[in-house]
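Data block below; observations after.
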Amino acid sequence: MWVKFLLLFFTFSFLFRTDLSFDQDLGRHIKLGEIIWQTKEVPKTNLFSYTNPDFEYINSHWLFEVLAYGFDQTIGVGWLLALKISIFLFSVWLILKVIPKENQFLLLPIGFIFLHVLRERLELRPEIFSFLFTAIALFMLERFLKTGSRLIFILPVIQLIWINTHIYFFVGLALQGIYLIHSLGVKLTHPRGVIGSHLGILAVVLISSCLISLINPHGISSFLYPLSVTKNYGYTIVENQTMFLLENIGFRDPNFLFVKISAFLVGLSVLVSLIRKGLNTKNLLISLFGLTLALMHVRGFPYLVLLSLPAVIQNFGAVKSNGLTQMLTAVVAILLLIESYLYLNGDYYKYTNNSHQPGLRMGQSVKGAMNFVLAKDLAGPIYNNFDIGSYILYRGYPRYKVFVDGRPEAYPKEFFLDTYIPTQSDYTRFMDLEKKWGFKTIIFSHTDQTPWGKAFLQNIVKDPAWIMIYIDDFVIILVRSDVIDEENLTVVDLSKLEPGSYQFSNHLSYIRIGYLLLSIGQQDSGKQFILKAKELFPESPIINQIIGDQVTNKFFW
């Protein structure tokens, strides 16, 4: 029992941090929830964008959006953080309960490794319900196999909720299919066995789950959506890539190491079970299913825990307690407590240059910029980048529609390939686009790490036709030069920008502004921001790296 408690405590330690979901999609989810609640229908076109307002798309998480809006309007959206943590902890607890007692002597060391990959997907997204329903489905199916529990008849109801909450509903159907295959194998080898007699019930539940999944706003199209969702993607987002591709283009993520170790343990557990001649079809398929999802794309990492972990433990079979296992458990327990402490006191985030901090708080990096936009009633149309469109429409719709938001599926593939990316990479093409749409305001996240985003920033700050009127640690705002006097707006002189104008508590905020200034040729002011960051956190690895670049004259320090 104490081992499970330690693993749950470890999970809580890295969950207890600021949530940056508003920097992703949460704002858009709340706004869509409001529209669905008021109109009593799910929008089927991209109503937030003035560039592609009639483009049809499938909303596979509308129920989550209504829930998010409900929290926002009643007890507060911040309480969704408590719900999120409860869902994660309950899901992990269910997974740990699936593991038989005789298999638990390796649980702490293996579980400690696997749980690290959960860190990749901790923000408040619709997928947290897929995590919950995956754990519940696995628990119910396992209980049915062992005790014939009638809880299994709840699975079709869960599938009904699942398909209307998140696109990963297919995981539940796949799990049912795996248990059906397993029972079929048992039936063929042991015709009179108890497990084999479960075959008919599993078949009925699976068929019922498939049929009830058709009850959604998009019918069969939503049911088949997981097979085609990425075919229209014209914009590459990190969560849909494999870790191997990301590594090849220089992307670094500490969770990749734990995915690789977990993958090795999956393979080793299968080999061990084969040697022992105790390979279980169900455990084999489930462990490989979770691994496959994790290797297909980053967003699938949590399924190594939710699916593969209990199967891997069972693949290794019963391990007796001995001096070696006791010593290993003790060492891992100490490492777990140390790492948990580093999360809870914030040192982990400081030394890894992570924007998170300990505590339950919603971060809204674009809040200051949108406060400014709304207070000044800046003119549209606005031009914005992909990263912040969802927050802009959350605060600004219907007064403002966006050029783009964070839904590749809600825009034609050609829009990204022929318009969005080329017009940021080639500034002459942006000027042509500007003539077409008549942009009056630009709201752009200067933390954009794409090559085209960086190129656009380099060019827009040098164009005299555009004047900067706002800058913080996340966003810059520019307006056409001919509206400065009309709107009584104050120009931001980047050469005279000083860190004393800001009161950031996190050294990373000063680094972001400083790095932007250095990259666009404002060395003097950029240096001041970097030195301010160093004053707040002298041991910061990234600050010392930036200062060290003076040796190569990278920024002409």
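When Ile158, Ile178, Ile136 are screened for being out of contact with any His (no Cβ under 8 Å at 6 or more places or on another chain), over 28 Å from Asn59 (Cβ atoms), of a type in the set (A, V, I, L, M) and in contact (Cβ under 8 Å) with a residue 24 or more places away in the chain, only Ile178 passes. Scanning the range 272-301 for residues that are part of a loop (DSSP other than H, G, I, E, B) and of a type in the set (A, V, I, L, M) gives a single hit, Leu279. Among the residues of the range 369-380, those identified as modelled with pLDDT of 95 or more and farther than 13 Å from Ile469 by Cβ are Met370, Asn371, Leu374.
Yes/no matrix, rows are residues, columns are (1) more than 30 Å from His116 (Cβ to Cβ); (2) surrounded by 14 or more Cβ atoms within 10 Å (Cβ to Cβ); (3) out of contact with any Lys or Arg (no Cβ under 7 Å at 6 or more places or on another chain); (4) basic (Lys, Arg):
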| position | (1), (2), (3), (4) |
| --- | --- |
| Gln176 | no, yes, yes, no |
| Thr189 | yes, no, yes, no |
| Asn216 | yes, yes, yes, no |
| Pro226 | no, yes, yes, no |
| Val229 | no, yes, yes, no |
| Gly234 | yes, yes, no, no |
| Asn240 | no, yes, no, no |
| Met243 | no, yes, yes, no |
| Arg252 | no, no, yes, yes |
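Of all residues in the range 180-219, those satisfying the criterion of being modelled with pLDDT of 95 or more, part of a helix (DSSP H, G or I) and among the hydroxyl-bearing types (Ser, Thr, Tyr) are Ser208, Ser209.
Give the residue that is farthest from Leu257 (Cα to Cα), with candidates limited to residues of the range 270-319 that are within 32 Å of the chain's Cα centre (by Cα) and of a type in the set (Ser, Thr, Tyr). Among residues in the range 270-319 that are within 32 Å of the chain's Cα centre (by Cα) and of a type in the set (Ser, Thr, Tyr), the one farthest from Leu257 (Cα to Cα) is Thr281.
Out of Val483, Val492, one residue alone is of a type in the set (A, V, I, L, M) and either assigned to a loop (DSSP other than H, G, I, E, B) or on the phi > 0 side of the Ramachandran plot (or both). It is Val492.
In this structure, Tyr427 does satisfy being of a type in the set (Phe, Trp, Tyr) and over 25 Å from Leu26 (Cα atoms).
The residues of the range 450-480 that are over 23 Å from Ile511 (Cα atoms) and assigned to a loop (DSSP other than H, G, I, E, B), listed by number, are Asp463, Pro464, Ala465. Pairing each residue of the range 243-267 that is closer than 18 Å to Phe289 by Cα with any residue that is among the small types (Gly, Ala, Ser) and crowded, with 18+ Cβ neighbours inside 10 Å, provided the two are 6+ apart or on different chains, yields C-beta distances under 6 Å for Val259/Ala294; Val266/Ser287; Val266/Ser308. Out of the range 329-369, which residues are in contact (Cβ under 8 Å) with a residue 60 or more places away in the chain, aliphatic (A, V, I, L, M) and surrounded by 15 or more Cβ atoms within 10 Å (Cβ to Cβ)? Listed by number, the residues that qualify are Val332, Ala333, Leu336, Leu344, Leu360, Met362, Val366, Ala369. When the range 382-434 is filtered for residues that are closer than 19 Å to Lys462 by Cβ and basic (Lys, Arg), only Arg429 remains. Screening Val319 on (1) in contact (Cβ under 8 Å) with a residue 40 or more places away in the chain; (2) part of a helix (DSSP H, G or I); (3) of a type in the set (Val, Ile, Thr) shows it passes everything except condition (2).
The values are calculated or read from the model by the stated rules, or taken from the named source; none is laboratory data. Fair warning: this is a prediction, and the values are worked out from it, not measured in the lab. Don't worry about glycine lacking a Cβ; one is built from the backbone with ideal geometry, like all the others, and counts go over all protein chains shown.
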